[in-house]
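First up is the structure itself, then whatever we jot down about it.
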Amino acid sequence: MNIKTKAPARIDLAGGTLDLWPLYLFFDHASTINFAVNQYAEVEIEVGVESKVDSAAGIKLSSEDRNVSHTFKSYGELLESFQGSHKAKVLPPALWVHAKLARHFFSFWRKTAPVHIKTRCAAPAGAGLGGSSALNIALCVALRKLTLAKYTDEELIGLARDLETTVIDIPAGVQDYWSALFGGVQAIRMEAGRVHRKVFTKQKSFLEKHIILCYSGQSRNSGINNWAVYKGFIDGDEGIREAFRNIVTATQRVEEALERHSYEKLLEAVELEWNARQKLAPTIVTPEMNATITKGKSFGADAAKVCGAGGGGCFIFAVPDGKKDSTTEKLKKAGVQVIDFLVSEEGCVVNE
């Protein structure tokens, strides 16, 4: 038996960090707006023949793009791997989420067959594209299929968030899980008592012709930036709260831009979000990224912003009609790593 899943990464346009509870509760009409892209996290589960002897039923975890693997000799060893600690210290960090999810879902399984869980992710590590969360969702969907665990899609999002929080040691948001599970262009609305999404259905070509995605070559830890901002907000830092008010305004302008296919509104929103984001975290842009952004603007782009929490990773340029191809060519000639993308209108898919 083989199960294969893949889930898309995402590009965030505005409202990042607002998806951390309880930040969004302090604003009316808070949302995070992103769109899924064809940078996929993939999972393959190979299941062997059921065994009557537990010790013969090993579990192998492999991250093919990170070139690391680990084998638990039995289900019992997997279940004991987090005893006394939230992380299995014998594991490479790249496999912590793998082990945590496998441990959770196998508690529903009544078989003792050997299992090999293999993963790969197209988005570079630390790129700010939500690749780790896409992998989390792809793993959850594959393991739900294997173990027949009775989770709805929305419950799966909560599970992915909660387990990832115990791995990264700080609160995790939810925007990446929604895009990975459902795909498309969406505003994720956070309200008291519920999170839901507004889907935009005719914005694929608009975004593809106005956005250029670049990778700085420098990975980053989004958790560090988000936690500092989160703590500052809760502590009542007025500068941070004012920046968040501007970010909320930026999300409203992005939504208007998407509804009207207005590049002018999109540009206005990207600039507002970027200025507010830099006030939240001065280290959000590295000197190398800043130099590339300056080049991009000289090549025809109008604005830029980092993806995710910054400090490395990916960033986007907003370019006017007819300028994407020429600007992209100039960036590539200047040695900038441009990631060609398409909007992924489909979320996580599963095949046997």
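The values are calculated or read from the model by the stated rules, or taken from the named source; none is laboratory data. Since the model is a prediction, treat every value here as computed from it, not as a measurement. Every residue, glycine among them, receives a Cβ derived from its backbone with ideal geometry; neighbour counts consider all protein chains shown. To get the accessible areas, we keep the full protein, side chains included, count just its heavy atoms, and leave off ligands, DNA and RNA. Shrake-Rupley method; radii C 1.70, N 1.55, O 1.52, S 1.80 Å.
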>> Can you compute log10 of I(q)/I(0) for the range 164-320 with the Debye formula, treating each Cα as one identical point scatterer, at q = 0.15, 0.20 Å⁻¹?
In response: -0.91, -1.61
> Percent relative contact order of the range 302-352, based on C-alpha pairs within less than 8 angstrom and at least six residues apart?
Replying inline: 22
> Which residues' amide hydrogens lie under 5 Å from the amide hydrogen of N38, considering only partners 5 or more residues apart or on another chain, with H built in the peptide plane?
Replying inline: L342, S344
> At S205 and E191, where each label point lies 7 Å from the Cα along Cα→Cβ, what is the point-to-point distance in nanometres?
Replying inline: 3.3
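Could you rank the peptides 170-182, 283-295 by their average count of other C-beta atoms within 10 Å per residue, with the highest value first? Can you show the working numbers first?
Numbers: 170-182: 25.3, 283-295: 16.2.
Per-residue Cβ counts within 10 Å, averaged per peptide and sorted highest first, yield 170-182, 283-295.
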> Considering the values (i) 65, 46, 37; (ii) 53, 51, 34; (iii) 76, 40, 35, which represents Cα extents along the principal axes in Å as calculated for the structure under consideration?
Replying inline: (i)
> Do the alpha carbons of any pairs in K295/K324; K279/K330; K209/K330; K204/K279; K204/K265 sit beyond 20 Å of each other, and which pairs?
Replying inline: K279/K330; K204/K279
>> Could you derive backbone 3J(HN,Hα) for the range 3-12 from the dihedral phi with the Karplus parameters 6.51, -1.76 and 1.60 (θ = phi - 60°), listing whole Hz in sequence and x where the residue is Gly or Pro?
In response: 10, 10, 9, 8, 9, x, 6, 8, 10, 8
> Amide H to amide H, which residues 5 or more places from Q218 or on other chains are under 5 Å from it, using H placed in the peptide plane?
Replying inline: G313
> If eta is 1.567 mPa s and T is 4 °C, what Stokes-Einstein diffusion coefficient results for the range 136-201, Kirkwood Rh from Cα pairs, in µm²/s?
Replying inline: 102
> Fully extended, how many nm does the chain gain between W21 and R66 (0.36 nm per residue separation, minus their Cα-Cα distance)?
Replying inline: 13.1 nm
> Could you give me the ³J(HN,Hα) list for the range 240-248, computed from phi with Karplus coefficients 6.51, -1.76, 1.60 and θ = phi - 60°, whole Hz, x at Gly and Pro?
Replying inline: 5, 5, 5, 4, 5, 4, 5, 5, 4
> In the chain, what percentage of the DSSP-assigned beta bridges are antiparallel, given to the nearest 5?
Replying inline: 90
> List the aspartates and glutamates whose alpha-carbon lies under 13 Å from that of K118, not counting same-chain residues fewer than 8 positions away?
Replying inline: E42, E44, E46, E64, D65
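Mind ranking 58-68, 24-34 by how tightly packed they are, going by the mean number of other C-beta atoms within 10 angstrom, highest first? Show your work: numbers first, answer last.
Values: 58-68: 17.3, 24-34: 19.9.
With the highest mean Cβ count within 10 Å placed first, the list reads 24-34, 58-68.
Accessible area of the chain with a 1.4 Å probe: how many percent of it is carbon plus sulfur? Display every interim value, and only then the final one.
On the way: 7460 of 15070 Å².
Exposed carbon and sulfur together represent 50 percent of the surface.
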> Of the peptides 41-48, 124-131, how do they stack up when ordered by the mean number of other Cβ atoms within 10 Å, highest first?
Replying inline: 124-131, 41-48
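Write out the trypsin sites (Lys or Arg not before Pro) in the range 94-183 meeting two conditions: DSSP loop, and at most 15 other Cβ atoms within 10 Å of their Cβ. Please list the in-between numbers first.
Numbers: sites: K100, R103, R110, K111, K118, R120, R144, K145, K150, R161; in loops: R110, K111, K150.
For trypsin sites (Lys or Arg not before Pro) across the range 94-183 that sit outside H, G, I, E and B with at most 15 neighbouring Cβ atoms in 10 Å, the list reads R110, K111, K150.
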> Just by accessible area at a 1.4 angstrom probe, what is the order of K323, K333 from largest to smallest?
Replying inline: K333, K323
> Taking θ as phi - 60°, what are the ³J(HN,Hα) couplings along the range 107-115 by the Karplus curve (6.51, -1.76, 1.60), each to the nearest whole Hz, with x for Gly and Pro?
Replying inline: 5, 8, 8, 10, 10, 10, 7, x, 10
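Give me the 1.4 Å probe accessible area per residue for the chain, excluding ligands and nucleic acids, in Å². Provide the component values of the computation, followed by the final result.
Values: 15070 Å² over 352 residues.
Heavy-atom SASA per residue in the chain reads 43 Å².
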> Rounded to the nearest 0.05, what FRET efficiency do M1 and V338 have when you use their Cβ-Cβ distance and R0 = 45 Å?
Replying inline: 0.70
> Does the range 245-289 come out rounded, prolate or oblate by the C-alpha gyration tensor, with a ≥ b ≥ c the root eigenvalues, rounded set by a/c under 1.5 and, if not, prolate when a/b is larger than b/c and oblate if not?
Replying inline: oblate
>> How would the range 74-202 be classified by its alpha-carbon gyration tensor: rounded, prolate or oblate, with rounded meaning a/c under 1.5 and the a/b versus b/c comparison settling the rest?
In response: prolate
> Counting each DSSP H run of 4 or more residues in the chain as -39500 (n - 2.57), what helix-only mean residue ellipticity at 222 nm follows after dividing by all residues, to the nearest 500 deg cm²/dmol?
Replying inline: -12500 deg cm²/dmol
